[in-house]
Amino acid sequence: QVQLVESGGGLVQAGGSLRLSCKASGGTFSHYTMAWFRQAPGKEREFVAAIRWSGGSTVSTDSVKGRFTISRDNAKNTVYLQMSSLKPEDTAVYYCAAARFGDTSSRTYHYDYWGQGTQVTVSS
């Protein structure tokens, strides 16, 4: 069983930056494709970015391209989401997810494990 714990959320002004972290435990981290999703109030959970377990290739949704970067440190069992040029529409609870030997899918059902989420609020 893999446990995921997110951190790094908070309140930031538009145009600012935040770095989210997600630390994993209970599994072989390097075997997991990791992803970030987000969910705004009243909206469905949406894909943000993913990084593959093998090779480290990444994908991200169009709305964050050029602003958000996903990365991982297998030695620290941690995946990061560096967010810059933040906009009020980025306000959401951000969730970390893991899929063992998975592809970089944007579908929630592809991922077996989820964290509890961290709140990101961007003020205008």
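Kindly provide log₁₀ I(q)/I(0) values, in the same order as q = 0.16 Å⁻¹, from the Debye equation applied to equal alpha-carbon scatterers of the chain. So the normalised log intensities are -0.68. Measuring nothing but protein heavy atoms, the accessible surface of the chain at 1.4 Å probe radius is 45 percent carbon and sulfur.
Counting Lys +1, Arg +1, Asp -1, Glu -1, what net charge surrounds VAL122 among other residues with beta carbon under 11 Å of its beta carbon?
-1
Computed as a quarter of the hull surface, the mean projected area of the alpha carbon convex hull for segment 24-80 stands at 4.6 nm².
The phi torsions of segment 96-104, fed into the Karplus equation with coefficients 6.51, -1.76 and 1.60 and a -60° offset, translate into couplings of 9, 9, 9, 9, 5, 6, x, 7, 7 Hz, rounded to whole numbers, with Gly and Pro shown as x.
The relative contact order of the chain comes to 36 percent, based on Cα pairs under 8 Å that sit 6 or more residues apart. Less than 5 angstrom separates the built amide H of THR91 from those of VAL122, all sequence-distant by 5 or more or on a different chain.
With +1 on the Cβ of every Lys and Arg and -1 on the Cβ of every Asp and Glu, and nothing else charged, how large is the dipole of the chain about its Cα centre, in debye rounded to the nearest 20?
My answer is approximately 160 debye.
The values are calculated or read from the model by the stated rules, or taken from the named source; none is laboratory data. For clarity, every value in this text was computed on a predicted model and none was experimentally measured. Heads up, the Cβs are rebuilt from the backbone with ideal geometry, glycines too, and the neighbour counts pull from every protein chain shown. In case anyone asks, the SASA skips ligands and DNA or RNA and just uses the protein heavy atoms, side chains included. Shrake-Rupley method; radii C 1.70, N 1.55, O 1.52, S 1.80 Å.
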